[in-house]
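**Q** Below is a structure I'd like to ask you about.
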């Protein structure tokens, strides 16, 4: 039961970072690749029917963690509550920018909404990358499972390390590649051509950087990521946008799985003493609670997956970024 619910938590995080990853990527790239108000609007319309549904997986990931692994949830929120507050505020700005972009009148209003969308998306991606790096590195947990320390260092210290900075840069790169391949897949006209060109350069440049990092550190994960990045860029260049997006999504999914399984049965490493680390068994709820939420999960999860798959099927056609003569 513990293994099953840990798998559900990881699945929810994978779906969130893949699906919201291209949302953030579109938010970042729309104002850059769109040359005028019409093209920027076309970029936003590619995620219009999906972004709020994709955000449900964040609620699911946190909710399942709270229900199935309350000690893990408590340690993460206690140790990282201020970065989490910053993240929630940025998500609110992103949501307002998307919802209110079409409510005002005139290109100047929409341009401001696009800038707010791009800046909030950038902030979200950087904070998430730093947080994921903190998840891997661990927190200052004592023998009682409590996060020690206080003030600024306790909550912001884990996301201001060199490792967190590398995590933020890696998240930004993955988001840009996801956004570029998604825009190439979901648009037509000039926006599609620019997104395809950007995906090609991002794939090639990222592959070179990852190869250097992989050979320098001996990391097979970095080498595998380099292969996927190069493949995504090559596929985008040849017009196989669906495969390019799939390769990028697979790389993001693999990275998320690696983050949550790096320490095996340990869900949160302790930077004070490895023996203080929080394991799945120690963090899990009681067997009775796990059995209860299992019934709820069996009833709810398949319906959510089916509905989301159906919505993507309904809105599967490309969004035209070229102007259609009247």
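What follows is calculated from the coordinates using simple rules that are stated; it is not laboratory data. Computed from a prediction, not measured in an experiment: that's the story for all the values here. Positions of Cβ are backbone-derived with ideal geometry, glycine not excepted, and every protein chain shown enters the neighbour counts.
**Q** To the nearest 10 degrees, how steeply does helix 37-47 sit against the main Cα axis of the chain, on a 0 to 90 scale?
**A** 40 degrees
**Q** If you don't mind, there's one more thing I want to ask. Arrange the following residues from fewest to most other Cβ atoms within 10 Å of their Cβ: 245, 22, 6.
**A** Least crowded to most crowded, the residues run 6, 245, 22.
**Q** Using packing as a proxy for protection, rank 235-242, 297-304, 175-182, 9-16 so that the peptide with the highest average count of other Cβ atoms within 10 Å comes first.
**A** Going by the mean number of other Cβ atoms within 10 Å, highest first, we get 175-182, 9-16, 235-242, 297-304.
**Q** A follow-up question, please. Helix 81-100: angle to the longest alpha-carbon principal axis of the chain, degrees 0 to 90, nearest 10?
**A** Value to nearest ten degrees: 20.
**Q** Follow-up. Which angle between 0 and 90 degrees, to the nearest 10, do you get for helix 241-261 versus the longest principal axis of the chain when only C-alpha atoms count?
**A** In the chain, helix 241-261 runs at an angle near 10 degrees to the longest axis.
**Q** In percent, what relative contact order does the stretch 92-175 have, based on Cα pairs under 8 Å that are 6 or more apart in sequence?
**A** Across the stretch 92-175, relative contact order equals 32 percent.
**Q** Let me ask another. For 219, 275, 120, what's the fewest-to-most ordering of other Cβ within 10 Å of each Cβ?
**A** The most exposed by this proxy come first: 275, 219, 120.
**Q** Restricting to DSSP H runs of at least four residues, report the calculated mean residue ellipticity at 222 nm for the chain, -39500 (n - 2.57) per run over all residues, nearest 500 deg cm²/dmol.
**A** -26000 deg cm²/dmol
**Q** Here is a further query. How high is the relative contact order of the chain, in percent, counting Cα pairs under 8 Å that sit 6 or more residues apart?
**A** Relative contact order comes out at 26 percent.
**Q** Distance between Cα centroids, the stretch 187-250 to the stretch 256-326: provide it in whole Å.
**A** Using only Cα atoms, the two centres lie 25 Å from each other.
**Q** Here's a follow-up. I need the peptides 277-284, 222-229 ranked by packing, meaning the mean over residues of other C-beta atoms within 10 angstrom, with the highest value on top.
**A** Working: 277-284: 18.2, 222-229: 20.1.
By packing density, highest mean first, the sequence is 222-229, 277-284.
**Q** Just one of (i) 228; (ii) 173; (iii) 135 is volume of the Cα convex hull per residue in Å³ as worked out from the coordinates here. Which one is it?
**A** Matching the structure shown: (iii).
**Q** Sorted by mean Cβ packing within 10 Å, highest first, what order do the peptides 247-255, 162-170, 103-111 take?
**A** Highest to lowest by the protection proxy: 247-255, 162-170, 103-111.
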